[in-house]
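Chemist: Mind looking over this structure? Questions follow.
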Amino acid sequence: MLKCSECQRDLPEKEALVNKTEDGGKRIICPECFQKLTGVDYKTFAYRKENAKQTLLAVLFCIGATIYAFVEKGIEWGIGGIVLTILVYLFSSKVK
Ligand SMILES: [Zn+2]
């Protein structure tokens, strides 16, 4: 069992969140205190983080495909790939 350093509540390990303090230290807090401290519900926070990760993966994939197209198919395809990458990035960052 862990203890929330804000409200001193016992909390199961899977609910425990690590919060960085302003002086760079780490402390264990519960989801309720996370929300109180950051103003963001932890689920929303986790969702945003996951979303950012997926955007990054999609963009990396497109960059890879762009390089491949550039090398294999020529400069026009490479430019098409760059345009596609930008579109994917814009689209992904809008879905939030
Ligand atoms: Zn707490």
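None of the figures in this text is laboratory data; all of them are computed from the coordinates on show. Just so you know, these numbers come straight off a predicted model, no measurement behind them. We place every Cβ from the backbone using ideal geometry, glycine too, and count neighbours over all the protein chains shown.
Chemist: Using the structure shown, list the pairs from Lys3/Lys94; Lys73/Lys94; Lys43/Lys94 with a Cα-Cα distance above 28 Å, or answer none.
Modeler: Lys3/Lys94; Lys73/Lys94
Chemist: Considering only the other residues whose Cβ falls under 13 Å of the Cβ of Lys20, what net charge follows from Lys and Arg at +1 and Asp and Glu at -1?
Modeler: Around Lys20, the charge tally is 0.
Chemist: Still on this structure: Could you tell me the relative contact order of the chain? Use alpha-carbon pairs under 8 Å, at least six residues apart, and round to a whole percent.
Modeler: 17 percent
Chemist: Do the sum for the chain: with -39,500 (n - 2.57) for every DSSP H run of n ≥ 4, divided by all residues, what is the mean residue ellipticity at 222 nm, to the nearest 500 deg cm²/dmol?
Modeler: -21500 deg cm²/dmol
Chemist: Continuing with this model, one more query. Which residues' amide hydrogens lie under 5 Å from the amide hydrogen of Leu2, considering only partners 5 or more residues apart or on another chain, with H built in the peptide plane?
Modeler: Residues meeting the amide H criterion: Leu11, Glu13.
Chemist: Something else: What number in nm² do you get for the chain if you take the convex hull of its Cα atoms and divide its surface by four?
Modeler: Computed as one quarter of the Cα hull surface, the answer is 8.4 nm².
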